[in-house]
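The values are calculated or read from the model by the stated rules, or taken from the named source; none is laboratory data. From a predicted model like this one, the values you see are computed outputs, not experimental measurements. Every residue, glycine among them, receives a Cβ derived from its backbone with ideal geometry; neighbour counts consider all protein chains shown. For accessibility, only protein heavy atoms count, side chains too; no ligands or nucleic acids. Shrake-Rupley method; radii C 1.70, N 1.55, O 1.52, S 1.80 Å.
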Amino acid sequence: MMRTARAVVHRKGRPLAVETITVAPPRRGEITIRIAACGVCHSDLSATTGTIGLPPPIVLGHEGAGTVVDVGPETSGFAVGDTVLTSFVRMCGKCAACTSGHPARCEHLSEALYTLPDGSVRTHDASGEPLNVFCGVGAMAEYVTLHADNAIKVDLGGVPMPSAAIVSCAVMTGVGAVTNTARVDPGSRVAVFGLGGVGLSAVQGAHLAGAASIIAIDTNADKLAQARQFGATETINASEEDVVKAIRSRGGVDYAFECVGSAALTGAAYKCLARGGTVVVVGLAPTRDEACFRPASMALDERGIRGSNYGSARPQKDIPALLALYRGGRLKLDEMVTRTYTIDQGPQAFEDLQAGRNLRGVIVFDG
Ligand SMILES: NC(=O)c1ccc[n+]([C@@H]2O[C@H](COP(=O)([O-])OP(=O)(O)OC[C@H]3O[C@@H](n4cnc5c(N)ncnc54)[C@H](O)[C@@H]3O)[C@@H](O)[C@H]2O)c1
Ligand SMILES: [Zn+2]
Ligand SMILES: [Zn+2]
């Protein structure tokens, strides 16, 4: 059935606004979800500033949790009533990357970044014009029709929807960067640059992995003050101290996670590495920015730089594991959700993200 929904829409040259849109029923391979909660990720903000080049008009949001309300024809794996998280990475489950245990590198990844995989959209504005959707999702809306490969069926087992929503991007990305991409060993020395939803999840991942020291770095004093409850052993305020000097004077780190989205910080993170150390680039810098490092030191010191998409997620295994860690009291999710918003307060949630007022802001929907 055709539905109407309130949604956060970014239009070129206009302030972010909440509009009433239409959401068409699912076609083959698609499902419609009633969104219960959707986190506000820096990547959504980056789509409004041009840092991430997705063409407007576009429905934002990719960190969603909700319930399946409609299943397209010949679509397997989902039934009405299922609880699902959205995935900003389409994971087909069939290509070489997916079948070799690397679904976050799915061959279909870059095919449809702002439409559904067939190149069309199910979302239209009040005058019938098509609206793109962030990474094939567009979860800042009461209803979303997306491809089933962009949804992960979950058994929440008591995890509140707002806390579950942030697992679908920030927590999977941050924890996964540490445990899946870098495979941090117990006893390692770790630095995390940027303490938003992603960075604080990396801090938690490092804690879970048994890192001996976890240096949390930010320019925002409030975030630094909260980092210890997530496992940080030390904090550095980058607006007051020379981070590279401070970390080098401690002997450097084995792993440095860049969770801000800055080429300059990637270069700084590299300078913080001890021999054999690795920078893991998680933040999304503006597409054309370039980072600087000395290749000779890579060879002589066996240092490295690598990237991490979606925490190298294997969602069928990793998402239930993260939810189980929460239930066991070993992963903090509720503490990360520092404010919830109604859909009509969506633009305020973006302002607050930009101003660094939340660890994670989450839009919560009625019903
Ligand atoms: N690779 C992926 O799969 C993936 C997934 C999700 C998000 N991201 C990216 O990760 C980054 C972080 O996302 P988020 O939602 O956690 O963002 P956020 O805005 O919540 O957090 C970013 C943090 O960085 C801090 N910061 C800014 N400048 C700094 C500096 N010079 N030194 C130290 N800290 C600084 C801010 O104060 C803030 O606390 C973004 O670039 C986002 O696009 C990547
Ligand atoms: Zn995100
Ligand atoms: Zn695939």
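If you check 295, 315, which single one turns out to be at pLDDT below 95 and within 16 Å of ligand 2 (Cβ to nearest atom)? One residue alone meets the criteria, 315. Taking the range 17-36 as the range and being open to solvent by less than 40 Å² (accessible area, probe 1.4 Å) and either outside the structural domain of residue 82 (by TED's automatic domain parsing) or outside any strand (DSSP E or B) (or both) as the test, the residues that pass are 24, 26, 29.
Residue-by-condition table, conditions (1) in contact with a Phe, Trp or Tyr (Cβ under 9 Å, 6 or more places away or on another chain); (2) within 16 Å of ligand 1 (Cβ to nearest atom):
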| position | (1), (2) |
| --- | --- |
| 84 | yes, no |
| 92 | no, no |
| 106 | no, yes |
| 126 | no, no |
| 133 | yes, no |
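When residues in the range 69-80 are screened for being free of Cβ contacts under 8 Å to residues at least 60 places away in the same chain and part of a strand (DSSP E or B), 1 of them pass.
Looking only at the range 70-95, filter to residues that are more than 13 Å from residue 151 (Cβ to Cβ) and within 8 Å of ligand 3 (Cβ to nearest atom); which one of those is most open to solvent (accessible area, probe 1.4 Å)? Ranking the candidates gives 94 first.
Just to be sure, is residue 97 in contact with a Leu (Cβ under 8 Å, 6 or more places away or on another chain) and not β-branched (Val, Ile, Thr)?
no
Residues that are open to solvent by 50 Å² or more (accessible area, probe 1.4 Å) number at least 3 in the following strands (runs of 3 or more DSSP E) confined to the range 291-364: 337-341. Within the set 14, 28, 34, 6, the sole residue that is in contact with a helix residue (DSSP H, G or I) (Cβ under 6 Å, 6 or more places away or on another chain) and either farther than 19 Å from residue 89 by Cα or modelled with pLDDT of 95 or more (or both) turns out to be 6. Only residues that are open to solvent by less than 40 Å² (accessible area, probe 1.4 Å) and not hydroxyl-bearing (Ser, Thr, Tyr) were counted in the range 117-148, giving 18. Where strands (runs of 3 or more DSSP E) sit wholly within the range 152-245, those with at least 1 residues that are within 19 Å of the chain's Cα centre (by Cα) and hydrophobic (A, V, I, L, M, F, W, C) occupy 189-193, 213-218. Looking only at residues of the range 84-110 that are free of Cβ contacts under 8 Å to residues at least 12 places away in the same chain and in a loop (DSSP other than H, G, I, E, B), we find that the one that is nearest to the chain's Cα centre (by Cα) is 110. Residue 303 fulfils the conditions (1) among the basic types (Lys, Arg); (2) without any contact (Cβ under 8 Å) to a residue 24 or more places away in the chain; (3) touching a Leu at 6+ places or on another chain (Cβ under 6 Å) except for a single criterion, (2). Only residues that are open to solvent by less than 20 Å² (accessible area, probe 1.4 Å) and over 14 Å from residue 184 (Cβ atoms) were counted in the range 269-289, giving 4.
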